[in-house]
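Peer 1: Before I ask anything, let me first share the structure, which is written out below as structure tokens.
The values are calculated or read from the model by the stated rules, or taken from the named source; none is laboratory data. Given the structure is predicted, the values throughout are model-derived calculations rather than measurements. Heads up, the Cβs are rebuilt from the backbone with ideal geometry, glycines too, and the neighbour counts pull from every protein chain shown.
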Amino acid sequence: MSWGLLVAAGVIVAFGGLLQGLIGFGLALVAVPLLALLDPALVPVPVLVIACAHALLSLVREFGHVDWRGVGWAMLGRLPGTAIGIWIVDSLDQRSFGVVVGVAVLVCVLLSVTSWRPQPTPPSLVTAGVASGSFGTATSVGGPMIALVYQNQEGPQVRATLAAFFTLGSIVSMIGLSIAGNVTAHQLWTGVLLVPFLIVGFLFSGPLRKRFDSKGVRTPMLVVAGASAVVLIMRSALL
């Protein structure tokens, strides 16, 4: 990878890290489509490396706010969801599956701005975990599903809980890819080179997150989820 390409990818990663540091998710939504346009080799392994790094940083920063019970229920759904995602990828072409994911997220967002107020109960968390594992495995976009369940909770709990879930989820995905022989030393090293850019975005999110805490993270969370769904649908339609 040239230094120019590395810097361009780093800017994308820094912005994604800033967004996720503020609302708890969004790194993959920003990074995956843009990095794939720069160089398809940047997805998914390097993204998983930086996603895991960001999740660990967020977890350390707000460890005391993690809803570990919720993480457990969500991971219970994540494991079979990963297997479902692999099966769906084999059954649907990339275009069809992208549209399905985008429409599903968009429906959740539309319900949220009307009368739907999901709560992090065991059934909803397991369901969101299955959806996150399925969509995350196939498209690297698994954050909105869990985030929507926590949309009415306090900012620190949202960020910390998502960070814990993403840490475990990234590890599971990396193990799965390694077993399948899809992880190389070059991909891992590329991800490591992008981590400093990620840290810059994460550090900038520190002083800004209090503003989001005072105003609530629900609105920006729904905006990001909705925008990602629209972009995913349009991108899939153009494939």
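Peer 1: Which number in (1) aliphatic (A, V, I, L, M); (2) modelled with pLDDT under 90; (3) out of contact with any Lys or Arg (no Cβ under 9 Å at 6 or more places or on another chain); (4) closer than 25 Å to Ala229 by Cβ marks the one condition that Val172 misses?
Peer 2: Going through (1) aliphatic (A, V, I, L, M); (2) modelled with pLDDT under 90; (3) out of contact with any Lys or Arg (no Cβ under 9 Å at 6 or more places or on another chain); (4) closer than 25 Å to Ala229 by Cβ one by one, Val172 breaks only (3).
Peer 1: Could you check the range 164-192 and list, in sequence order, the residues that are in contact with a Gly (Cβ under 8 Å, 6 or more places away or on another chain) and either hydroxyl-bearing (Ser, Thr, Tyr) or within 19 Å of Ala36 (Cβ to Cβ) (or both)?
Peer 2: Hit for the range 164-192 is Ser173, nothing else.
Peer 1: Quick one: in the range 114-123, which of the residues that are surrounded by fewer than 19 Cβ atoms within 10 Å (Cβ to Cβ) and not charged (D, E, K, R) is modelled with the lowest pLDDT?
Peer 2: The selected residue is Ser115.
Peer 1: Still on this structure, I have one more. All but one of (1) within 23 Å of Ser58 (Cβ to Cβ); (2) within 18 Å of the chain's Cα centre (by Cα) hold for Val230; which doesn't?
Peer 2: Val230 satisfies all of (1) within 23 Å of Ser58 (Cβ to Cβ); (2) within 18 Å of the chain's Cα centre (by Cα) except (1).
Peer 1: What is the residue count in the range 42-85 for residues that are free of Cβ contacts under 8 Å to residues at least 60 places away in the same chain and in contact with a Leu (Cβ under 6 Å, 6 or more places away or on another chain)?
Peer 2: Of the residues in the range 42-85, 1 are free of Cβ contacts under 8 Å to residues at least 60 places away in the same chain and in contact with a Leu (Cβ under 6 Å, 6 or more places away or on another chain).
Peer 1: At negative phi, modelled with pLDDT of 90 or more and in contact with a Cys (Cβ under 7 Å, 6 or more places away or on another chain): does that describe Thr167?
Peer 2: Values: at negative phi: yes; modelled with pLDDT of 90 or more: yes; in contact with a Cys (Cβ under 7 Å, 6 or more places away or on another chain): yes.
Yes, satisfied.
Peer 1: Looking only at the range 184-228, how many residues end up being assigned to a loop (DSSP other than H, G, I, E, B) and surrounded by fewer than 19 Cβ atoms within 10 Å (Cβ to Cβ)?
Peer 2: Count: 2.
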